[in-house]
Amino acid sequence: MKIIAVEPIGITPIIADKMKAEYAKLGLDFILYPDRNENKNILIDRMRDADIVIISNIKIDEEILSNCKKLKMIAVAFTGVDHIDIEYCKKHNINVCNASGYATTAVSELTLGLILNVYRKITYLENMTRASRTRENILGYQLKDKTVGIIGTGAIGRCTAFMLQKLSCNIIAYSRSKHPDIIKANIPYVSLEEIMKQSDIISLHLPLNKETYHLITKELLNLCNPNAIIINTARGNVIDIQALAEALKNNTIAGAGIDVFEIEPPLPKTHPLLNAPNCVVVPHIGYATNEAFEHRIKIINDNILNWIKGTPINKII
């Protein structure tokens, strides 16, 4: 049985040797490719003989999967699995396990960082300082006592809510299902419309699926107060990117902090958010910390070993 990591996902040579030795004891062959390549033909060539594939957020569609006749499991080194053709996997009995929880703290901390960056105009003022300018009477905002609307109360949404609650913010939440920890923390659930109307800060923490695609529309953005800001560290397409850019240009909202887009960076220079005012953009770094990567590798390894034993964890299908 072959386990093939089609990209390094932070696996160092030392860790790779340990994994190879561990799998060898079970009669398994472990192959690690040292580079990330999204070319379909190369991916097919790498995956063709795999029983188990390790991959992060590279798109894996039916064309690729149909060429992998031995494939029995995909160990996704990511929380979301919207880049995997789940329907094909269901039809062909390919188990999919994710790395849920590996970057909860990392993403929540980035959310906080983006809020502070937008509120205090840190990136903008740094550029002014480097240009030998002063703050020129620019004023920022304080976080204390602001109302934060958390959209999506999964693990990351909850972690973010509790961080901000400790910083004296008033938290309200929206989610399809109500989590007992949110209720226990006296955080009220309200409608999506009320989130948009009441919040000074709107933070998105939703998975991407048919129900959440462009959930945040132009009409919902128009409900915001003009001083509101939006933070997205979830998935790019949970918000209508074009509508967000227009809202920023029209001063419908005051700012945005964006880590995720409808495509993976690098972004084209014509991307609407690159030309939108008061918009801090980073190239999908929410999960990218040393601690998160170490935790991710452990989760992936545990998923594979448990799947082999017949007791999979973090199983999507």
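Tabulated results
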item	result
Residue count, the stretch 98-131 (criterion: part of a loop (DSSP other than H, G, I, E, B) and surrounded by 19 or more Cβ atoms within 10 Å (Cβ to Cβ))	6
Residues located in the stretch 221-240, provided they are surrounded by 20 or more Cβ atoms within 10 Å (Cβ to Cβ), over 16 Å from Tyr119 (Cβ atoms) and among the hydrophobic types (A, V, I, L, M, F, W, C)	Leu221, Ala234, Val238, Ile239
Complete set of residues in the stretch 46-75 that are without any contact (Cβ under 8 Å) to a residue 60 or more places away in the chain and among the aliphatic types (A, V, I, L, M)	Met47, Ala50, Val53, Ile55, Ile58, Ile60, Ile64, Leu65, Leu71, Ile74
Qualifying strands (runs of 3 or more DSSP E) (wholly inside the stretch 134-206; at least 3 residues being more than 19 Å from Ala256 (Cα to Cα) and of a type in the set (Phe, Trp, Tyr))	none
Residue identified as modelled with pLDDT of 95 or more, β-branched (Val, Ile, Thr), over 21 Å from Ile11 (Cα atoms) and surrounded by 15 or more Cβ atoms within 10 Å (Cβ to Cβ) among Ile31, Ile54, Ile58, Ile86	Ile86
Conditions (1) among the β-branched types (Val, Ile, Thr); (2) in contact with a strand residue (DSSP E or B) (Cβ under 7 Å, 6 or more places away or on another chain); (3) modelled with pLDDT of 95 or more; number of the one not met by Val81	(3)
Which listed residue is of a type outside the set (Ser, Thr, Tyr), more than 28 Å from Thr105 (Cα to Cα), without any contact (Cβ under 8 Å) to a residue 60 or more places away in the chain and out of contact with any Gly (no Cβ under 7 Å at 6 or more places or on another chain), from Pro283, Pro272, Pro265	Pro272
Whichever residue in the stretch 72-99 is over 13 Å from the mean Cα position of the chain (by Cα) and of a type in the set (Asp, Glu) and, among such residues, is farthest from Glu38 (Cα to Cα)	Glu87
Residue that is outside the structural domain of Leu192 (by TED's automatic domain parsing), crowded, with 20+ Cβ neighbours inside 10 Å and under 27 Å from Ile15 (Cβ atoms), where the choices are Ile316, Ile297	Ile297
Among residues of the stretch 213-240, those that are within 16 Å of Ser175 (Cα to Cα), assigned to a helix (DSSP H, G or I) and either polar (S, T, N, Q) or out of contact with any strand residue (DSSP E or B) (no Cβ under 6 Å at 6 or more places or on another chain) (or both), counted	1
Neighbours by Cβ (under 9 Å, 6+ apart or cross-chain): first from the stretch 150-176, touching a residue at least 60 places away in the same chain (Cβ under 8 Å) and closer than 14 Å to Thr104 by Cβ; second among the aromatic types (Phe, Trp, Tyr) and crowded, with 18+ Cβ neighbours inside 10 Å	Gly152/Tyr174
Residue within the stretch 249-271 that is part of a helix (DSSP H, G or I) and crowded, with 20+ Cβ neighbours inside 10 Å present	no
Asn95 touching a strand residue (DSSP E or B) at 6+ places or on another chain (Cβ under 7 Å), surrounded by fewer than 20 Cβ atoms within 10 Å (Cβ to Cβ), within 30 Å of Asp49 (Cα to Cα) and not charged (D, E, K, R)	yes
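Every residue, every condition in (1) more than 24 Å from Leu273 (Cα to Cα); (2) under 21 Å from the mean Cα position of the chain (by Cα); (3) charged (D, E, K, R), yes or no:
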position	(1), (2), (3)
Cys159	yes, yes, no
Phe162	yes, yes, no
Asn170	yes, no, no
Ser191	yes, no, no
Ile201	no, yes, no
Pro207	no, yes, no
Leu215	no, yes, no
Leu223	no, no, no
Gly236	no, yes, no
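The values are calculated or read from the model by the stated rules, or taken from the named source; none is laboratory data. Quantities reported herein were computed from a predicted structural model and do not represent experimental measurements. Virtual Cβ from ideal backbone geometry, glycine too; neighbours counted across all protein chains shown.
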